[in-house]
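K.L.:
Before I ask anything, here is the structure I am working with.
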Amino acid sequence: MSELDKNVNIVKDYLNETITNANNELSDHFKSTFIGALIEPIFRLLIGPEQTRKTIEMLDKILSFSKEFTGNFENIEDRLDEVLSLDPIYQVLRKSSKVHEEAISFLKDSYRNRIKFYNILMNGTGTNWKELYRTAFNDKGNLIDNLKPEIEALENLKELIKKNRRLINVPGLIRADIIDAMVFIQDYTKKNLLSIPEIVF
C-alpha cells in the first residue's frame, strides 16, 4: 500500500468515527428537544441510518476526488454533482425556489473546500489523524486558515436557509422544526471544526 493510500485510510477512518459520534450526540439532543411525531422526519431527512450511510458515501467520494486534485478543479468540477446527489441537505431543497441555485453554489463551494483541505491533509505523514494534521498544516494558524473557507460556506448556506425558509421542501407544519434542526447541525459542525486546531496543536 502506498503512503498516500495509507493516509487516505487514516482520514477515512477518522471521518467515519466522527460522523458516527456526531450522529449519536445529535440523536440524543433531538430526542431531548423534540417530541412525538417530529422525531421521525428529523431522523429520516437528516441523521437517520440512511442519511448517515449517504453522508459516509459522500465523504468517500470527496476523498477520492481529493486524491486526484492537482491544484485546480478542471478534472473534478463536472463530477461535483456526484457528491451533491448524496448530500442530505440537497435532498430537502425546493428546486423551484428562487435561491435554489445559490444554495447549490454554497454546497459546491463546501465540496471544493473539503477536496482541497483533504488533499493537503492526506499528504501529511504519520500513523494517526492527529499526526497527519500536524505535519500537513505545521501550526495552528495555518490549520485555522485552511478551515475558514469551509466554515464560511457553512455560514453562507445557513443564513440563506434562515432568510428563505421555503427553500426547505418539507410540509409547512414541520418546516420550522426541520430548519431549527438543520441550523443546530451546522452550528455543531462548525464547533467541531473549530475544535480541531485546539486538539491537534
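K.L.:
Can you pull out the residues in segment 45-79 that are within 30 Å of K31 (Cα to Cα) and either among the polar types (S, T, N, Q) or part of a loop (DSSP other than H, G, I, E, B) (or both)? Steps first, please.
P.N.:
From segment 45-79, those within 30 Å of K31 (Cα to Cα) are 45-60; that's our starting set.
Matches in segment 45-79: G48, Q51, T52, T55.
Rundown of residues vs (1) closer than 26 Å to N7 by Cβ; (2) in contact with a helix residue (DSSP H, G or I) (Cβ under 8 Å, 6 or more places away or on another chain), yes/no style:
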| position | (1), (2) |
| --- | --- |
| I104 | no, yes |
| R114 | yes, yes |
| G126 | yes, yes |
| Y133 | yes, yes |
| D139 | yes, no |
| L147 | yes, yes |
| N164 | no, no |
| L173 | no, no |
| M182 | no, yes |
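K.L.:
Follow-up. What is the number of the single condition among (1) more than 23 Å from R53 (Cα to Cα); (2) within 14 Å of the chain's Cα centre (by Cα) that Y133 does not meet?
P.N.:
So Y133 meets the others, but not (2).
K.L.:
Scan N123, N9 and give me the residue that is part of a loop (DSSP other than H, G, I, E, B) and surrounded by fewer than 19 Cβ atoms within 10 Å (Cβ to Cβ). Let's see the steps before the verdict.
P.N.:
Numbers: N9 fails: part of a loop (DSSP other than H, G, I, E, B).
That would be N123, the only listed residue that is part of a loop (DSSP other than H, G, I, E, B) and surrounded by fewer than 19 Cβ atoms within 10 Å (Cβ to Cβ).
K.L.:
Also: Would you say A136 is within 24 Å of S66 (Cα to Cα), of a type in the set (A, V, I, L, M, F, W, C) and either without any contact (Cβ under 8 Å) to a residue 40 or more places away in the chain or touching a strand residue (DSSP E or B) at 6+ places or on another chain (Cβ under 8 Å) (or both)? Even if it seems obvious, please write down each step before you answer.
P.N.:
Details: within 24 Å of S66 (Cα to Cα): yes; of a type in the set (A, V, I, L, M, F, W, C): yes; either without any contact (Cβ under 8 Å) to a residue 40 or more places away in the chain or touching a strand residue (DSSP E or B) at 6+ places or on another chain (Cβ under 8 Å) (or both): yes.
The answer is yes for A136.
K.L.:
For segment 139-161, give me the residue count where each residue is surrounded by 14 or more Cβ atoms within 10 Å (Cβ to Cβ), out of contact with any Pro (no Cβ under 7 Å at 6 or more places or on another chain) and not polar (S, T, N, Q). Walk me through it before giving the result.
P.N.:
If we filter segment 139-161 for residues that are surrounded by 14 or more Cβ atoms within 10 Å (Cβ to Cβ), which is where we start, we get 140, 142-144, 146-147, 149-158, 160-161.
When the remaining residues are screened for being out of contact with any Pro (no Cβ under 7 Å at 6 or more places or on another chain), the result is 142, 146-147, 149-158, 160-161.
Still in the running and not polar (S, T, N, Q): 147, 149-155, 157-158, 160-161.
Matching residues across segment 139-161 total 12.
K.L.:
While we're here: Which one of L26, L63 is farther than 19 Å from I120 by Cα, touching a residue at least 24 places away in the same chain (Cβ under 8 Å) and surrounded by 15 or more Cβ atoms within 10 Å (Cβ to Cβ)? Step through it out loud before you land on a result.
P.N.:
On the way: L63 fails: farther than 19 Å from I120 by Cα.
After ruling out the rest, the residue left standing is L26.
K.L.:
Hey, among the residues in segment 162-173 that are assigned to a helix (DSSP H, G or I) and aliphatic (A, V, I, L, M), which one's surrounded by the fewest Cβ atoms within 10 Å (Cβ to Cβ)? I'd like the intermediate steps shown before the answer.
P.N.:
As a first pass, look at segment 162-173 and keep what is assigned to a helix (DSSP H, G or I): 162-163, 165-167, 172-173.
Keeping just the survivors that are aliphatic (A, V, I, L, M) gives 167, 173.
Details: L167: 23, L173: 10.
Result: L173.
K.L.:
Turning to a different aspect of this structure: Being outside any helix (DSSP H, G or I) and either at pLDDT 95 or above or of a type in the set (G, A, S) (or both), is that true of even one residue in segment 99-120? Steps first, please.
P.N.:
Our first condition is that a residue be outside any helix (DSSP H, G or I); within segment 99-120, this holds for 99.
Filter once more, keeping what is either at pLDDT 95 or above or of a type in the set (G, A, S) (or both): 99.
Yes, segment 99-120 contains at least one residue that is outside any helix (DSSP H, G or I) and either at pLDDT 95 or above or of a type in the set (G, A, S) (or both).
K.L.:
If you don't mind, another one. Here are the criteria: (1) surrounded by fewer than 19 Cβ atoms within 10 Å (Cβ to Cβ); (2) more than 17 Å from the chain's Cα centre (by Cα); (3) not acidic (D, E). Tell me which single one I76 does not satisfy.
P.N.:
Status for I76: all satisfied but (1).
K.L.:
Next question. Pick from segment 80-98 the residues that are in a loop (DSSP other than H, G, I, E, B) and under 12 Å from the mean Cα position of the chain (by Cα): which of them is nearest to K54 (Cα to Cα)?
P.N.:
Step one: filter segment 80-98 for residues in a loop (DSSP other than H, G, I, E, B), giving 85-87, 92, 94-98.
Now narrow it down to the ones that are under 12 Å from the mean Cα position of the chain (by Cα): 86-87.
Working: L86: 5, D87: 7 Å.
In this case the residue turns out to be L86.
The values are calculated or read from the model by the stated rules, or taken from the named source; none is laboratory data. On a predicted model such as this, the values are computed, not experimentally measured, just so you know. Every residue, glycine among them, receives a Cβ derived from its backbone with ideal geometry; neighbour counts consider all protein chains shown.
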